[in-house]
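Take this structure, written in structure tokens, and hold onto it; I'll ask about it next.
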Amino acid sequence: MILAGAMKNPDVDYVFGLHITGSLPSAVFGTRPGPLMAAPDAFWIKIVGKGGHASAPHETIDPVFIAAQVIIALQGISSRMVDPVEPFVITVGNLHAGTRHNVIPDEATLDGTVRTLNSKLRAEVIRKVRSMVKGICEAYGAKCEIKFMKDAYPVTVNDPAVTRKVMGVLKGIKGTKTTEMKPILGGEDFSRFLQKAPGTFYFLGTYNERKGCVSPNHSATFMVDEDVLKYGAASLATLALTFANSP
């Protein structure tokens, strides 16, 4: 959208984005100045070993065993190699290898994600992942390929001055409350718009035990308290009018 000119002709002065969340009570707006959401860097790793019969592992280079070592070692980046007060998470979401219980396969693949809230740590962690995976594979005589997603979303950074004003506007919407959130490690493509114009990304809570709306976003049982959607529409309209009429 940005490349297609969505921020031009006329130039966009401010940008605002709204997302519902099951992590806040219904009718509660949440946001914060500065970094709000993480840069989500997906990675893919292929470990190439040497297959053979399960009864003779010494004649193989077992990629499943090596993949297990890689997964455990990657968790050491967050627990032992990064300042523990830095918001950061690394997760391996899937591992695929083999087709039979008695066959050691030739290769294993695994996918995961790295979540960081500043560009310096982001670059450092990516470097550490590459170095660690290569080192482990070399130690066991395997080869590997490591790829990170190109052009992953950047950190979602709310403009501090605009966001403080936004929070003041949201507090004036009848029937709602406003809270300052902690940063979260989900990712958001709205971050690209915030690189082009000052603005704010914020959330509207939909958690309501009485209605059974109790599951988090992306859960198979996620439900929206639809009675609060009117507040989301009202907030966007109010922000548009407020900032359009600002000097």
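Read the figures in this text as sums done on the coordinates, not as results from a lab. As the structure is a computational prediction, the values presented were derived from the model and not from experiment. Using ideal geometry, Cβ is built from the backbone for each residue, glycine included, and neighbour counts are taken over all protein chains shown.
Within the bounds of region 131-141, is there any residue that is among the basic types (Lys, Arg) and either free of Cβ contacts under 8 Å to residues at least 40 places away in the same chain or at positive phi (or both)?
yes
Another question about this same structure. Can you find a residue that is under 30 Å from GLY199 (Cβ atoms), part of a strand (DSSP E or B), of a type in the set (D, E, K, R) and touching a residue at least 12 places away in the same chain (Cβ under 8 Å) anywhere in region 43-62?
Residues of region 43-62 that are under 30 Å from GLY199 (Cβ atoms), as a first pass: 43.
Pick out the ones that are also part of a strand (DSSP E or B) and you get 43.
This time we only want the ones that are of a type in the set (D, E, K, R), so: none.
Within region 43-62 (the criterion being under 30 Å from GLY199 (Cβ atoms), part of a strand (DSSP E or B), of a type in the set (D, E, K, R) and touching a residue at least 12 places away in the same chain (Cβ under 8 Å)), the answer is no, since none of the residues qualifies.
Out of all the residues in region 138-164, which are within 19 Å of VAL28 (Cβ to Cβ) and basic (Lys, Arg)?
ARG164 - this is the single residue of region 138-164 that is within 19 Å of VAL28 (Cβ to Cβ) and basic (Lys, Arg).
What's the number of the only condition in (1) under 23 Å from MET132 (Cβ atoms); (2) surrounded by fewer than 20 Cβ atoms within 10 Å (Cβ to Cβ) that GLU59 fails to meet?
Going through (1) under 23 Å from MET132 (Cβ atoms); (2) surrounded by fewer than 20 Cβ atoms within 10 Å (Cβ to Cβ) one by one, GLU59 breaks only (1).
Would you list the helices (runs of 4 or more DSSP H) that sit entirely within region 97-195 and hold 1 or more residues that are surrounded by 19 or more Cβ atoms within 10 Å (Cβ to Cβ), in contact with a Leu (Cβ under 7 Å, 6 or more places away or on another chain) and not basic (Lys, Arg)? Before the answer, list the steps.
Working: elements: 119-139, 160-171, 191-194.
So the answer is 119-139, 160-171.
Looking at region 201-210, can you tell me whether even one residue there is without any contact (Cβ under 8 Å) to a residue 40 or more places away in the chain and not in a helix (DSSP H, G or I)?
Within region 201-210 (the criterion being without any contact (Cβ under 8 Å) to a residue 40 or more places away in the chain and not in a helix (DSSP H, G or I)), the answer is no, since none of the residues qualifies.
Give region 77-90 a look and list any residue that's of a type outside the set (Ser, Thr, Tyr) and within 20 Å of the chain's Cα centre (by Cα), or say none.
Our first condition is that a residue be of a type outside the set (Ser, Thr, Tyr); within region 77-90, this holds for 77, 80-90.
Those that are of a type outside the set (Ser, Thr, Tyr) and within 20 Å of the chain's Cα centre (by Cα): ILE77, VAL82, ASP83, PRO84, VAL85, GLU86, PRO87, PHE88, VAL89, ILE90.
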